[in-house]
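Asker: Questions regarding the structure given below will be posed in turn.
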Amino acid sequence: MTILERITKLYRDNFNSTTHGTHRDVLNELAGIPVKTIEADYNLSDDDRGYCIQSLSDDPVIVRIPSDISEGFFCTLERLGSGSFEFRGNGFTINGVEDLSISIENQWNSVYVRVYGPTRAKVEGSFLQN
C-alpha cells in the first residue's frame, strides 16, 4: 500500500465513522504513536509509556500517576471531550511542587508528562495548576 493509499484509508476510516476520529488520530497513526482513549478516571501504568492518552468524556476525568511508575516514563494527555481533565500525582513532585494537581486548560489542549526521577515528573503544555 502506498503512503497516499494509507492516508486515504486512514481518513476514510476515521471520518466516516461514528467514533470521535480527528486529524490528530490520523497524524498519530502515521507517526506510529499509540493512542488510548479513556472516558472515565484512569491510573497510568508503565504499559502506557509513549502513548497518547485521549479523554473523550463530557464528564470530569481524573488521571493519576502512581508513585512506583518507572523513571523515563512519558506520555501525552489530551482533552478532546468537554469534561474537565485533571492530572494528579499522589506522593509525586510535579514541576517542583509536591502532590501537585493540574487541569488541562481547555478542550482540544494537551500536556506532555515525563518522569525524570523517583516520584518526580515534569509536565509541559496548556494546563492550570490547582
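The numbers here are math on the coordinates, done by the rules we state, and not lab data. These numbers come from a predicted model, not from an experiment. Glycine also receives a Cβ, built like all others from the backbone with ideal geometry; neighbour counts cover every protein chain displayed.
Asker: Can you compute the FRET efficiency between Ile38 and Met1 using 1/(1 + (r/R0)^6), with r the Cβ-Cβ distance and R0 = 25 Å? Round to the nearest 0.05.
Answerer: According to the calculation, E is roughly 0.25.
Asker: Further question: Would you mind calculating the gained length between Arg120 and Thr93 on full extension (0.36 nm times residue separation, minus the Cα-Cα distance), in nm to one decimal?
Answerer: Separation in residues times 0.36 nm, less the Cα-Cα distance, equals 9.2 nm.
Asker: Tell me which residues come under 5 Å, amide H to amide H, from Asn109 once H is placed; ignore anything under 5 positions away on its chain.
Answerer: Arg79
Asker: Also: Under a 5 Å amide H to amide H cut-off, with H placed in plane at 1.01 Å, what residues pair with Val63 once short-range neighbours are removed?
Answerer: Tyr42, Glu86, Phe87, Arg88
Asker: Taking R0 as 35 Å, what FRET efficiency do you get between Gln129 and Lys9 from their Cβ-Cβ distance, rounded to the nearest 0.05?
Answerer: Efficiency computed from Cβ-Cβ geometry: 0.25.
Asker: What is the gain in length, in nm to one decimal, between Asp46 and Glu71 on full extension, counting 0.36 nm per residue of separation less the C-alpha to C-alpha distance?
Answerer: Gain in length upon complete extension: 8.0 nm.
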